[in-house]
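First comes the structure, then the notes that go with it.
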Number of protein chains: 2
Amino acid sequence: MGTTQLETVPEPKYWHLKTVLSEALDSEFSVGEILPNERDLAARFGVARATLRQALEQLELEGRLQRRRGVGTTVAPPRMGVAVGTEQRAWPGVAGDTWQLADCAMAAPPAAVAGILESLQGEQVYTVRRSRVTRGQPVAAELLYVPASSVPGLSAVDTRSGTARARSVLRELQRLELEGQDSAVELGSARAEDAKELDRLPGAPVLVVTTRFFAEGRTAAVSVATYRADTCRLTFGDSGGIEIHDGPERRAS
Amino acid sequence: MGTTQLETVPEPKYWHLKTVLSEALDSEFSVGEILPNERDLAARFGVARATLRQALEQLELEGRLQRRRGVGTTVAPPRMGVAVGTEQRAWPGVAGDTWQLADCAMAAPPAAVAGILESLQGEQVYTVRRSRVTRGQPVAAELLYVPASSVPGLSAVDTRSGTARARSVLRELQRLELEGQDSAVELGSARAEDAKELDRLPGAPVLVVTTRFFAEGRTAAVSVATYRADTCRLTFGDSGGIEIHDGPERRAS
DNA sequence: CAGTGGTCTAGACCACCGG
DNA sequence: CGGTGGTCTAGACCACTGA
């Protein structure tokens with residue numbers, strides 16, 4: 001029949017709870033404020049702690065909350081806009097950006113990266129680790145893969161420390177004329193290694209940005225950058241990014 | 001002391017479980033294959049169902065699995081590359097792309113969008129709903145906000161159906177010379193409305209792409225597109241996207 | 001209808017942080 | 001040390017799918 005579904009739909013408790021909490025965050029809390037602990041909140045709403053947690057998890061996923069073990073749950077500031085693709089192409093690490101060099105080693109790249117680089121099985125590439133810090137917060141951990149053939153000026157046997165070596169790899173890379181680049185963004189979960197750098201627990205949701213750099217008619221380098229999904233909004237394109245003036249004003253309780 | 005942390009770290013069960021399952025997916029299952037049900041799997045690994053589910057949730061988040069109520073859990077195909085930003089700028093809906101027009105109405109935009117459009121409080125804009133289908137699968141639901149001032153050729157009182165009206169809004173928009181565009185990507189969870197269009201449950205993880213279109217020295221339109229995070233890899237830049245040849249070959253069990 | 005994944009409960013213990 | 005969030009259990013019932 002053409003009945004228009006009279007909606008007996010019982011909304012899940014955690015979903016309703018999320019909505020209620022979300023509105024409370026807008027109207028009764030200010031950024032940085034600490035929420036009551038999970039056991040109290042659950043009791044207050046008359047649900048099991050697991051159900052309450054399901055609602056909090058979603059709000060954290062949406063960047064509204066920040067939870068830290070041993071500390072508590074706080075109201076998160078609006079997400080930071082982080083530029084990851086600019087119209088004017090640029091090699092990584094150029095100019096005054098916010099990357100901090102960490103390390104460099106020769107290694108065989110993971111299979112997925114090897115496929116992009118079209119490198120031979122087992123071929124070694126320079127693997128530069130960096131981390132990106134914005135407004136004092138770690139926002140991304142990156143692995144940059146550079147085949148030795150892209151930076152012929154370097155000797156493979158290099159006794160300098162990892163950091164110095166990383167610096168010279170980037171410097172050599174910038175000698176090449178960059179012909180283009182493209183990126184892909186997908187959702188992932190933080191590996192244990194990245195999680196530590198990002199100050200999150202393993203498995204935390206992250207945005208994985210894979211960028212190919214083209215020079216001399218081929219893929220000269222590949223970057224795999226892991227951004228915190230809870231605190232970051234990735235911006236691409238002409239301008240510096242979109243400033244979102246979001247919803248009602250946040251006032252203190 | 002300088003002890004190098006002998007790592008008593010007890011890895012969470014669900015994390016270990018996820019690793020085991022992930023390897024099993026690579027070696028013993030092929031795309032589309034149905035996994036044993038959750039109760040059986042939990043029993044087989046000697047954990048509670050909730051713990052098993054925590055592992056499955058992560059694998060689904062990473063696009064490795066697909067779960068559907070009443071059906072079962074299947075091995076997901078690799079994520080689709082979906083182009084969302086091209087070097088050559090283009091108005092939305094131009095040429096032979098995969099968007100399906102759905103609807104159009106005049107409405108006051110949400111606060112966040114109003115801020116971007118710099119529109120006056122309460123000003124009405126054309127709101128075009130579209131959905132994007134790739135390889136037979138719904139991948140995105142979009143709301144396109146077009147201030148009436150961007151499409152002066154249209155009469156505000158229009159008796160035609162929503163779809164026809166949507167078409168004419170896009171046609172009028174394409175008359176303008178596009179001067180630039182930029183996008184932002186962030187993680188969100190599907191609103192009930194979008195979830196239905198994307199064939200997912202409410203709250204499912206999505207990638208929200210906010211795009212500004214510039215013309216005549218101002219922001220002429222804003223698009224807010226909601227992509228399925230589990231099945232999509234968003235691509236930006238010169239080329240058609242990165243084809244990932246991922247890990248070991250998948251073979252049937 | 002039987003079987004699936006989705007929701008929910010009421011507990012327990014653990015890892016971590018700060019005072 | 002006490003308090004926080006993180007993990008885990010063993011159940012129960014519900015909503016949906018397909019035969």
Across the stretch A:192-197, in residue order, what do the Karplus-derived ³J(HN,Hα) couplings come to in whole Hz, using 6.51 cos²θ - 1.76 cosθ + 1.60 with θ = phi - 60° and x for Gly and Pro? 3, 5, 5, 4, 5, 5
Shielded residues, the stretch B:46-78 - accessible-area loss of 10 Å² or more between chain alone and all protein chains, probe 1.4 Å: B:GLN58, B:LEU61, B:GLU62
Spelling it out for A:LEU65: with amide H atoms placed in the peptide plane at 1.01 Å from N, the residues 5 or more places away or on another chain with amide H under 5 Å from its amide H are A:GLU60, A:ALA76
Using a probe of 1.4 angstrom, how much of the accessible area of the stretch B:177-242 is carbon and sulfur, in percent? 50
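Could you look at the stretch A:13-75 and say what percent of its accessible area is carbon and sulfur, using a 1.4 Å probe and all protein chains?
Details: 1670 of 3390 Å².
Solvent-exposed carbon and sulfur of the stretch A:13-75 make up 49 percent of the total.
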Ignoring ligands, DNA and RNA, the residues of the stretch A:102-116 whose accessible area with a 1.4 Å probe is reduced by 40 Å² or more relative to the chain alone are A:ALA112
Evaluate the distance, in nm, between pseudo-label points positioned 7 Å from the Cα of A:VAL20 and of B:ALA108 along their respective Cα→Cβ axes. 2.7
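For the stretch A:13-75, just say rounded, prolate or oblate: build the C-alpha gyration tensor, square-root its eigenvalues into a ≥ b ≥ c, call rounded for a/c under 1.5, and beyond that prolate if a/b exceeds b/c, oblate if not. Please list the in-between numbers first.
Working: a/c = 1.44, a/b = 1.18, b/c = 1.22.
The shape class here is rounded.
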As an exercise, use a Förster radius of 30 Å and the Cβ-Cβ distance of A:LEU201 and B:ASP40 to find the FRET efficiency, rounded to the nearest 0.05. 0.55
Neighbours of A:ALA48 by Cβ distance under 12 Å: Lys/Arg at +1, Asp/Glu at -1, summed charge +3
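The values are calculated or read from the model by the stated rules, or taken from the named source; none is laboratory data. Just so it is clear, the model here is predicted, and its values are computed rather than measured. A quick note on method: Cβ atoms are made from the backbone with ideal geometry, for glycine too, and the neighbour counts reach across all protein chains shown. Quick note on the areas: whole protein, heavy atoms, side chains included, nothing else; ligands and nucleic acids left out. Shrake-Rupley method; radii C 1.70, N 1.55, O 1.52, S 1.80 Å.
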